[in-house]
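Data first, discussion second: the structure below is written as structure tokens.
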Amino acid sequence: MYLRLTIALCCVIFLFSGCRFTPGDIDFVELEKPEEPELEIVELSLDRDTIFLTYYQDIQFHFSAGQHNVIQVGILIDGEEKYTRSNYKDMFTVLAADLDEGIHKLSFSVITNSNSGSIADLLGYEGFQFISNEWTLVCLKNDRMANFSKLETKNGKLELSWEPHEKVNFKRYRITKRRNDYSGAIKEYYTTEPYFIDEAYVGEKAHYDVYTEYYSSDDYYFQWAMFDIENTLPEIKIRTTATGQFEIYWTNNNFVEAIKNYRLINLVTPADTVTLQESLPNENNSYLIANGLFADEINYKLVVVPKHPENPFNNDEVYYHSKSYDGLIGEQTFSYNQVSSIDADEMLVRKDNYIYRYSINTENALDSLTYNWENCHVAYSGFTLSPQGIYFTTHESCNNNLVLMNPGNLKSYQSYPVSHVLTGGMQFSSMPVSDNGIVVVKDYERVSVYDVLNDNVIASYESNAYIGGLGISSNGNYFYVQTSQLDFYKIANNTLESVWQSPPAYNYIYSFFKYDPQNPENIILHDGESLYHKNAADFTTLKSFALKEELILNIDFPSRKLLAYSEDYLSVYSIDTGELLHRIQVNPRVARDQHHCTLISNKIYLKDGISIQLPTN
């Protein structure tokens with residue numbers, strides 16, 4: 001609403017009540033009153049009847065009084081002069097900081113000369129004053145945001161609350177909601193209460209801004225509070241059932257009362273989707289994966305449909321909130337580059353080129369090898385664990401030293417120079433180590449058995465052959481070397497003695513061989529048809545079992561079990577009796593090096609970060 005400006009004559013002249021006189025016989029004559037000027041408003045930059053002042057307000061003015069001079073323009077706040085300018089054309093800057101917060105009355109005072117020619121007129125003591133009509137001035141000092149704001153879940157719905165805003169001319173709160181890190185459409189809500197319940201919120205990542213709005217003609221608003229909420233949508237997971245099948249499952253989040261239903265969708269291709277299941281929230285949200293195999297690839301999406309959607313006309317796939325699982329079938333766990341059991345309770349893990357000690361039960365990291373060398377990139381390319389888990393070795397990249405440590409205390413860093421044993425600066429990633437700190441090391445010229453802790457080469461022999469594998473027994477008395485043939489040795493009185501040697505030209509006979517840590521004089525071997533327990537000193541067979549498998553993936557000695565693969569099946573055997581304990585149909589990728597399965601205790605792990613729990617019966 002625009003206000004018609006009127007200027008009223010408030011006070012006529014200041015000295016026009018004076019008289020003319022002569023000394024002695026005095027004759028007084030009344031002076032004539034000067035003619036009142038007409039005040040013209042050339043410019044006044046106020047086009048509304050209410051001024052909403054939050055920081056400052058610039059007011060341009062230009063007054064004209066014809067033959068009279070404008071000698072002063074002032075702004076009156078609540079009848080008292082606050083600002084003055086000695087000019088007919090200028091600008092006022094009204095500052096909120098100069099006023100008390102609240103509602104005020106603003107008017108203009110314009111003073112002209114009298115144009116009477118009198119001395120008082122010439123001195124500026126005689127003139128006309130004009131007082132304008134009044135504007136309403138609302139002074140609002142928004143110098144802070146709410147002192148408190150709170151996120152709560154009440155009756156299964158999201159409630160935002162904040163400090164009440166108690167300012168003059170307050171109208172309402174405006175709440176804006178954005179999804180996905182400030183992207184996506186804005187949804188606006190309005191309330192006069194200092195809280196808001198979002199009935200459409202089901203756990204998606206969201207950002208809320210709370211603005212205060214006021215009764216003002218220029219739509220002024222102020223940010224009063226803000227909220228950032230992380231994604232807590234139900235997450236798809238995979239578990240093994242009692243019958244050995246796999247099922248998708250998810251748990252309800254805190255906003256279950258706002259959820260209408262779940263839709264589980266199979267994203268077969270980007271252009272082809274299949275709704276597998278639509279279900280109400282319940283205590284056991286699950287879906288059985290028919291014919292699903294361990295390490296099969298799947299791409300599922302869980303769509304969470306609100307009871308009160310913000311835009312019910314949008315398509316599910318585009319609008320509703322969801323989480324996806326695009327990966328391999330199996331129970332989610334840690335990913336790794338290398339893993340080996342230390343004992344029945346802990347395992348050593350290499351992940352992203354760092355080494356950790358994990359709990360087998362919780363699958364959480366207990367310790368990490370965090371030693372850093374100045375100006376040196378720390379990257380562990382491999383480790384070797386001693387048979388009973390007393391020591392492990394890895395490579396100190398900067399100095400080509402051997403790290404030899406107890407895995408039970410990764411903070412007690414120990415490394416040893418080995419350049420006098422590894423001639424020619426030959427590199428290595430780790431060295432096979434016994435449980436008493438003896439390693440087998442191969443350089444360009446020889447194979448050596450080296451006692452690291454006592455800095456003593458126990459025995460060695462010359463060899464320039466390419467090494468395919470090395471291993472040593474728990475007590476350090478036996479070791480093997482795999483080149484173009486497979487050689488097993490024993491050490492007696494610092495002398496090497498050959499125990500058994502395969503035919504040349506890579507005819508190894510045995511495809512898998514490990515010294516038994518619980519029986520240090522024994523070695524376990526597999527030739528593709530049978531599993532053998534042999535005496536490491538003379539290679540006599542102690543016992544054997546028929547075990548026809550393509551690959552022996554690993555032996556978990558703490559549990560005395562062996563993991564094998566053949567024709568799309570993983571099989572778990574007892575190494576002491578040869579009994580087949582478990583047989584699981586799997587995707588063939590489990591045997592490939594980039595996915596390679598490992599048995600630890602009663603669970604099979606895949607490098608990709610999935611696992612399968614073996615049945616306990």
Checklist outcome for this item: Taking R172, R263 and ranking on accessible area (1.4 Å, protein atoms only), highest first, one gets R172, R263
Item to check | Cα-centre dipole for the chain with unit charges at Cβ (Lys and Arg positive, Asp and Glu negative), debye to 20 | outcome: 2260 debye
Next on the checklist: Going by amide H atoms built from the backbone, whose H comes under 5 Å of the H on N401, apart from near neighbours?
Outcome noted: E396
Next on the checklist: Using a probe radius of 1.4 Å on heavy atoms only, what accessible surface per residue do you get for the chain? Whole Å² is fine.
Outcome noted: 50 Å²
Checklist entry - List the chymotrypsin sites (Phe, Trp or Tyr not before Pro) in the range 423-499 that DSSP assigns to loop (not H, G, I, E or B) and whose Cβ has at most 12 other Cβ atoms within 10 Å. Which are they? => result Y444, Y466
Checklist outcome for this item: In debye to the nearest 20, the charge dipole size for the range 473-617, taken about the Cα centre with +1 at each Lys and Arg Cβ and -1 at each Asp and Glu Cβ, equals 300 debye
Item to check | Accessible surface, 1.4 Å probe, highest first, among residues L348, L267 | outcome: L267, L348
Item to check | Euclidean distance between Cα centres, the range 532-581 to the range 401-422, Å | outcome: 32 Å
Next on the checklist: Per residue, how big is the convex hull of the range 457-561 when only Cα atoms are used? Give it in Å³.
Outcome noted: 111 Å³
Item to check | Answer label for volume of the Cα convex hull per residue in Å³ (calculated), chosen among [x] 244; [y] 264; [z] 200 | outcome: [y]
Checklist entry - What are the aspartates and glutamates whose alpha-carbon lies under 13 Å from the alpha-carbon of K442, with same-chain residues fewer than 8 places away excluded? => result E462
Item to check | DSSP-loop GluC sites (Glu not before Pro) across the range 113-171, with at most 11 other Cβ within 10 angstrom | outcome: E166
Checklist entry - Say the dipole of the range 159-258 comes from +1 at the beta carbon of Lys and Arg and -1 at that of Asp and Glu; which of I186, H165, F222 then lies farthest toward its positive end? => result I186
Item to check | Signed unit charges on C-beta, dipole axis of the range 497-617, positive-most listed residue I575, S530, I600 | outcome: I600
Checklist entry - How much mean residue ellipticity at 222 nm does the chain get from its helices, if each DSSP H run of length 4 or more adds -39500 (n - 2.57) and you divide by all residues, to the nearest 500 deg cm²/dmol? => result 0 deg cm²/dmol
Checklist entry - Where the only charges are on Cβ atoms (+1 Lys, Arg; -1 Asp, Glu), what is the dipole of the range 94-199 about its Cα centre, to the nearest 20 debye? => result 700 debye
Checklist entry - Among 247-253, 555-561, how do they line up from the highest to the lowest mean number of other beta-carbon atoms within 10 Å? => result 555-561, 247-253
Checklist entry - Can you list the lysines whose alpha carbon is less than 21 Å from that of K534, not counting same-chain residues fewer than 8 positions off? => result K490, K514, K543, K548, K561
Checklist entry - Going toward the positive end of the dipole of the range 417-477, with +1 on Lys and Arg Cβ and -1 on Asp and Glu Cβ, which of Y450, S463, S419 do you reach last? => result S463
Next on the checklist: Could you derive backbone 3J(HN,Hα) for the range 453-463 from the dihedral phi with the Karplus parameters 6.51, -1.76 and 1.60 (θ = phi - 60°), listing whole Hz in sequence and x where the residue is Gly or Pro?
Outcome noted: 5, 9, 6, 9, 7, 6, 7, 7, 8, 6, 6
Checklist entry - Tell me, what ³J(HN,Hα) does each residue in the range 518-534 have, in order and in whole Hz, if you take phi through Karplus 6.51 cos²θ - 1.76 cosθ + 1.60 with θ = phi - 60° and put x for Gly and Pro? => result 6, 10, x, 8, 10, 9, 10, 9, 9, 10, x, 10, 9, 10, 10, 10, 10
Checklist outcome for this item: Here, chymotrypsin sites (Phe, Trp or Tyr not before Pro) of the range 32-120 satisfying both criteria (DSSP loop; at most 12 other Cβ within 10 Å) are Y55
Checklist entry - For S463, which sequence-distant residues (separation of 5 or more, or a different chain) have an amide H within less than 5 Å of its own amide H, given hydrogens modelled in the peptide plane? => result R446, V447
Next on the checklist: With the cut-off at 19 Å, tell me which of the pairs K323/K603; K177/K301; K82/K167; K157/K307; K157/K260 have Cα atoms farther apart than that.
Outcome noted: K323/K603; K177/K301; K82/K167
Item to check | Fraction of antiparallel bridges per DSSP, the chain only, in percent to nearest 5 | outcome: 95 percent
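The values are calculated or read from the model by the stated rules, or taken from the named source; none is laboratory data. Quick caveat, the model's predicted, so the values are computed rather than measured. Note: ideal-geometry Cβ built from the backbone for every residue, glycine included; neighbour counts use all protein chains shown. Just so you know, the surface numbers come from the protein's heavy atoms only, side chains and all, with ligands and any DNA or RNA stripped out. Shrake-Rupley method; radii C 1.70, N 1.55, O 1.52, S 1.80 Å.
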